[in-house]
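The values are calculated or read from the model by the stated rules, or taken from the named source; none is laboratory data. Source: prediction; values computed, not measured. Surface areas here come from the heavy atoms of the whole protein model, side chains and all, with no ligands, DNA or RNA. Shrake-Rupley method; radii C 1.70, N 1.55, O 1.52, S 1.80 Å.
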Amino acid sequence: MAATGEVGERYATQVGALWSGLARTLTELERVAADPIELEDDDAVDSLKLLQYRLHVSSEDAFGISPPSGVEPVHAELAAALAGARDATAELVEALEEDGFDAALLCLHEWRGALFRVRLARLRLTMPEPPPPTPERPPAVGVRAPWVALLLAVVGAAAFVGGATLDLWPLWAAGLTALGASFLTYKP
């Protein structure tokens, strides 16, 4: 049990270090993504290349972290999101360098989505796991329900037979109703 706790603590420390280095990079990328006019600046390509390299390093660091059992799918999602953001930034830089600002604008939405995916993956990584669902147990019926059903059946059958014999239709209708209620009262 202690070994699992140590692995979890080590993992949390590694992810915390990864995220503290990555937070500034994502903030700068999201600032540019929110105001794409900055892509027209002369130094935009160089700063995007630097930020792309930081994403690359973070992606490699994420692939190098060994997650504890149960967290592997979420950690893999974070690593894939980082790689996707790196690649989307590279496509944006390439479009900006080769074809200019208008071509870069065509890549903007995909790039924003890739950056959002990183934030979403981190959010999923930090969310606590929902508790396992408790199996539904049928409510305890006890002895009362079968006895009530038996009583309704016997009284209903007697009332039905008595009402039919004496030619009293309200009595046999009440007997049929009681008999039907016995089926509703207890369902094994």
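Give the whole-number value, in cubic angstrom per residue, of the convex hull volume spanned by the C-alpha atoms of segment 38-146.
On the way: hull volume 15.3 nm³, N = 109.
Convex hull volume per residue, Cα atoms: 141 Å³.
Using a 1.4 Å probe over the heavy atoms of the protein chains, calculate the carbon and sulfur portion of the accessible area of the chain as a whole percent. Don't jump to the answer; show the numbers that get you there.
On the way: 7700 of 12200 Å².
That fraction is 63 percent.
Across the chain, the volume of the C-alpha convex hull divided among the residues equals 198 Å³ per residue. Computed with a 1.4 Å probe over protein heavy atoms only, the accessible surface of the chain comes to 65 Å² per residue.
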